[in-house]
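Have a look at this one before I ask anything.
A short reminder: the numbers here are calculations on the coordinates, not readings from a lab. Given the structure is predicted, the values throughout are model-derived calculations rather than measurements. Ideal geometry is used to build each Cβ from the backbone, glycine not excepted, and the neighbour counts take in all protein chains shown.
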Amino acid sequence: MAMEPEDGRISIIDNNEDDAPSVTALTRDGINYLKETLSDPSSCYYKLSPRPSPDGYSASNASPCRRAPR
């Protein structure tokens, strides 16, 4: 799922080098955005099954979802 900084996503980068390690974190707003998106039936990320497959992926739940540009 592609989230923008406006959605509450933060990228923490160790330094300005091209190969610097980074971590993605979410603010409270980001967590709320994620919860809302995953629970919205009109979202392409909505899961119908309450029980995911053992590997976390399922062909029946797979979605070629792409975020619309803002």
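How charged is the neighbourhood of Asp29? Take every other residue with its Cβ under 15 Å from the Cβ of Asp29, and add Lys/Arg as +1 and Asp/Glu as -1.
-1
Using 0.36 nm per residue of separation minus the Cα-Cα distance, give me the extension gain between Cys44 and Thr24 in nm, one decimal.
Difference between extended and current length: 5.0 nm.
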